[in-house]
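Heads up: the structure comes next, in structure tokens.
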């Protein structure tokens with residue numbers, strides 16, 4: 001079994017890594033379901049303050065993955081979120097390359113819907129990129145997107161945690177005003193949404209600097225190859241270098257996107273459906289859909305044997321603590337990166353697939369907007385994960401680990417006869433059934449009352465003589 005964190009969260013296996021901590025699949029013993037736990041691995045004041053800001057964010061929206069709870073154990077802290085098993089948009093691009101325009105419009109609509117709620121709370125995300133946009137493992141059904149990782153987000157008006165001339169975020173997805181050191185604002189998030197849309201439509205990371213330079217020098221260019229003109233008009237409104245010429249709100253961009261979708265051609269019968277695979281994989285040994293599994297007992301044995309392994313010491317004697325195996329610590333397991341998309345080659349060996357050639361950008365005035373593409377997965381390579389895996393986030397548990405010391409009397413002394421308890425002698429009268437406490441007997445209460453009245457009378461007489 002894994003390490004039980006703060007008596008509640010049992011760390012199962014690492015599934016990824018964020019900017020300041022590792023992400024684990026964990027079993028919540030209280031809510032009896034699997035969750036994603038982000039464990040902070042740095043303890044400096046600056047990182048801890050960002051962690052506190054992120055875990056304090058509570059946004060309820062189907063397309064937002066915000067922290068749900070947090071816990072601390074000695075010098076380690078974590079917060080938990082819903083477990084999303086479909087990987088990120090980078091995995092989808094690695095599997096299929098450029099995505100169909102209607103499929104991209106559906107993803108953008110969900111992203112803008114979640115972002116509108118985030119902005120309504122006064123929060124600027126500041127790190128919108130494909131790796132921070134997760135997908136539920138829906139197979140060939142309707143995709144479900146979740147905006148995650150609010151590690152560097154901040155509310156408008158909050159003091160910065162960095163110097164004014166220090167830019168935080170992911171290079172390649174900065175808005176021009178961010179590079180100039182402007183205060184974080186909502187249009188900067190919308191610029192990053194436009195870059196994510198180009199990434200989905202072209203299958204490769206766009207060159208944001210060349211794009212901004214071309215917009216500034218020549219104005220809005222014509223639509224790139226493979227992007228319908230109505231959709232491009234919406235993306236051009238997101239990618240304007242001047243934030244005042246850009247869409248001001250996510251709701252406004254979403255309305256324009258809805259109108260553009262109505263003018264797109266319907267998908268053909270030969271179009272390949274996009275399938276979102278399970279990227280986490282099966283549970284490790286010792287865990288099932290209902291949580292941690294307990295070792296089965298043999299029918300002929302009345303109880304577990306007192307000795308479980310050769311390395312276990314002898315049973316404890318009187319006054320000694322029962323033996324318990326040490327939990328696996330974070331220092332022993334280390335940190336892990338999220339696995340690359342299945343079938344994708346190493347970055348040094350990336351090359352366009354002959355089955356899916358890279359679509360040119362199509363800008364006649366400024367070629368070369370896109371960087372070298374990441375190769376889509378080889379069609380012959382089978383997926384290492386099962387498709388359509390059941391949702392483990394709502395599964396109840398059937399067993400909860402117990403403290404060995406609490407069951408020591410039943411495992412170490414099974415054959416000893418029970419010792420009868422000595423009879424209990426009552427030293428005081430029993431409490432009446434009505435629940436009132438009895439007073440002193442009359443032969444004691446009456447003299448005490450007489451003495452009290454005499455003292456009261458003497459006190460009154462003394463006051464009249466003054």
Discussion item. Neighbour counts of other C-beta atoms within 10 Å: give me 179, 154, 263 arranged from fewest to most.
Written reply: 263, 179, 154
Discussion item. Could you list 207, 149 so that the one with the fewest beta carbons within 10 Å of its beta carbon is first and the one with the most is last?
Written reply: 207, 149
Worksheet item: When the chain is fully extended, how far beyond the present Cα-Cα distance does residue 462 get from residue 218, taking 0.36 nm per residue of separation?
Response: 77.1 nm
Discussion item. Once each part is reduced to its C-alpha centroid, what is the distance from segment 195-263 to segment 49-72 in angstrom?
Written reply: 30 Å
Discussion item. Using Cβ contacts closer than 10 Å as the measure, can you line up 105, 455 from fewest to most?
Written reply: 455, 105
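On average, how much area does the Cα convex hull of segment 89-261 cover when viewed from any direction, in nm²?
If I average the Cα hull's projected area over directions, I get 9.6 nm².
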Worksheet item: For residue 32 and residue 248, what does the FRET efficiency come to when R0 = 30 Å and r is the distance between their Cβ atoms, rounded to the nearest 0.05?
Response: 0.10
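None of the figures in this text is laboratory data; all of them are computed from the coordinates on show. Bear in mind the structure is a predicted one, so any value in this text is a computation, not a measurement. As a convention, Cβ positions derive from the backbone with ideal geometry for all residues, glycine included, and neighbour counts pool all protein chains shown.
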